[in-house]
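Just below is one structure, and these are the notes that go with it.
The values are calculated or read from the model by the stated rules, or taken from the named source; none is laboratory data. Fair warning: this is a prediction, and the values are worked out from it, not measured in the lab. FYI the Cβ positions are ideal-geometry reconstructions off the backbone, even for glycines, and counts take in every protein chain you see. Accessible surface is based on the protein model in full, side chains and every heavy atom, while ligands, DNA and RNA are left aside. Shrake-Rupley method; radii C 1.70, N 1.55, O 1.52, S 1.80 Å.
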Amino acid sequence: MKIMIVVTHLLGTGHLSRALTLGRAFLRAGHQTFVVSGGMPAPQLDSSGMTLLGLPPLRSDGTDFTRLLTQSGDVADTTYLAARESALVEAVRSFAPDILITELFPFGRRSLASEFTAALEAAHALPRRPVVLGSIRDILAPPSKPSKAERAEEIVYEHYDGILVHSDPGVVSLEVSWPVTDRLRERLFYTGFVAPEAPAPHPDTLGKDEILVSAGGGSVGQPIFRAAIEAARKMPNRRWRLLVGGQDAAARVDQLQQLVGDARVTIEPVRPDFRQMLPLAAASVSMCGYNTALDILQSGTPAVFVPFDDGKEVEQSLRGQSLSELPAIEVLPRKKLDGAALAQAVAAVISKGPRPVSTDGIDGAARSVEIACSLRGQA
């Protein structure tokens, strides 16, 4: 079958990473997979075997997801947005998928509702309508007012055959972050958590006994990196490795390098073998996005989470609260982040670790394929 996944990441790369993990599961099952990405290029992510189409890229203005910027930093005007919409609609018509999956929409990406709606309408107009599914993580940004939840539900019932919820309801149900009516519940399919295969330790033992510090693909992690450099000075017996992502990674690496001095700190751009380094590390310091949290659970590495909570963001804080009940995991609120607090938290999780590796409920990608193909068979 032909599978199309439509995703736009606006701040970090987590949404695209999860969509590609889903795409790889369809590939393994023998399906032709086409991913349409509307965010900034992320060449460090593995899209091998899939067709990947990049729309004219967008990013948010920091945490303002209503202000969309082009790759050059200009505000995206109506002509730019229209070009994206036309390219997306043409992709739907020419590929003619058997299964169409939209990542996050309609529970988010409301600023891009026009292009998503146009793609859905194009799909419904195909000679053979595809099964249309939504793909959402365990915790969403709660709607700021009831009308937004009501509108999302209307779109689900107008265009979608189901919503893949990438969580285990026994661990985190959608109700934690979103009002789920009986009507909406009928369309929900819990898949378990979507993660790549558990990482094997790095063959060259890179990362062994280091403190690995990562903060996604955007600039919002810079305070974590600065605090890590301060913390490294307070823990001279440990090597710290900072992995900096994003389009401006080289410039931010240079900025951070000026702060290092004699601290035992290595700073470099994000690397594709990061997950292989993780099982060997003494500890991890990161935000608490969906993919990062699963990496930690799969590796057993002691971890300090600094949840992203700028603006009205609550997703990572809610996830961190649930994970903090596990051994060798601590949550350090961003408002308390400094070198001393980070060093103390890292020392604490190292003393409690390592933690047993989690394997239950992390087959969500394969389960998503089974659900999607079952719905296609019923269509």
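Condition first: more than 15 Å from residue 179 (Cβ to Cβ), in a helix (DSSP H, G or I) and open to solvent by 10 Å² or more (accessible area, probe 1.4 Å). Now tell me which residues in region 123-154 satisfy that. Hit for region 123-154 is 124, nothing else.
Listed here are the residues, each with its yes/no results for (1) over 23 Å from the mean Cα position of the chain (by Cα); (2) among the polar types (S, T, N, Q); (3) closer than 23 Å to residue 171 by Cα.
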site: 330; (1), (2), (3): no, no, yes
site: 343; (1), (2), (3): yes, no, no
site: 351; (1), (2), (3): yes, yes, no
site: 358; (1), (2), (3): no, yes, yes
site: 363; (1), (2), (3): no, no, yes
site: 369; (1), (2), (3): no, no, yes
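For region 71-94, check the following and say yes or no: at least one residue is surrounded by fewer than 16 Cβ atoms within 10 Å (Cβ to Cβ), out of contact with any His (no Cβ under 9 Å at 6 or more places or on another chain) and touching a residue at least 60 places away in the same chain (Cβ under 8 Å). Yes, region 71-94 contains at least one residue that is surrounded by fewer than 16 Cβ atoms within 10 Å (Cβ to Cβ), out of contact with any His (no Cβ under 9 Å at 6 or more places or on another chain) and touching a residue at least 60 places away in the same chain (Cβ under 8 Å).
Cβ-Cβ distances below 7 Å connect the following pairs, each with a first residue in region 149-168 that is touching a residue at least 60 places away in the same chain (Cβ under 8 Å), a second residue that is basic (Lys, Arg) and crowded, with 18+ Cβ neighbours inside 10 Å, and a separation of six or more residues or different chains: 166/137.
Here are 94, 147, 114: which of them is closer than 29 Å to residue 377 by Cβ and at pLDDT 95 or above?
On the way: 147 fails: closer than 29 Å to residue 377 by Cβ; 114 fails: closer than 29 Å to residue 377 by Cβ.
Of the residues listed, the single one that is closer than 29 Å to residue 377 by Cβ and at pLDDT 95 or above is 94.
State yes or no: is residue 319 assigned to a helix (DSSP H, G or I), open to solvent by less than 30 Å² (accessible area, probe 1.4 Å) and touching a residue at least 24 places away in the same chain (Cβ under 8 Å)? The answer is yes for residue 319. Find the residue count for region 169-184, including only residues that are touching a residue at least 40 places away in the same chain (Cβ under 8 Å) and among the polar types (S, T, N, Q). The total comes to 1.
Consider region 39-54 and keep the residues that are without any contact (Cβ under 8 Å) to a residue 60 or more places away in the chain and of a type in the set (A, V, I, L, M, F, W, C). The one that is farthest from residue 108 (Cα to Cα) is 50.
Taking first residues from region 271-283 that are buried (at least 24 other Cβ atoms within 10 Å of the Cβ) and partners that are modelled with pLDDT under 95 and of a type in the set (A, V, I, L, M), the Cβ contacts under 7 Å between residues at least 6 apart in sequence or on separate chains come to 277/206.
Test residue 207 against the criterion of being over 30 Å from residue 369 (Cβ atoms) and buried (at least 17 other Cβ atoms within 10 Å of the Cβ), and give yes or no. It is true that residue 207 is over 30 Å from residue 369 (Cβ atoms) and buried (at least 17 other Cβ atoms within 10 Å of the Cβ).
If we only count strands (runs of 3 or more DSSP E) wholly inside region 185-259, which ones have 2 or more residues that are in contact (Cβ under 8 Å) with a residue 40 or more places away in the chain, among the β-branched types (Val, Ile, Thr) and in contact with a strand residue (DSSP E or B) (Cβ under 6 Å, 6 or more places away or on another chain)? Qualifying strands (runs of 3 or more DSSP E): 211-214.
Within region 111-122, is there a residue that is touching a strand residue (DSSP E or B) at 6+ places or on another chain (Cβ under 6 Å), open to solvent by 10 Å² or more (accessible area, probe 1.4 Å) and touching a residue at least 40 places away in the same chain (Cβ under 8 Å)? Yes - at least one qualifying residue is present in region 111-122. Determine, yes or no, whether residue 57 is at pLDDT 95 or above, of a type outside the set (A, V, I, L, M) and open to solvent by 10 Å² or more (accessible area, probe 1.4 Å). Against the criterion (at pLDDT 95 or above, of a type outside the set (A, V, I, L, M) and open to solvent by 10 Å² or more (accessible area, probe 1.4 Å)), residue 57 qualifies.
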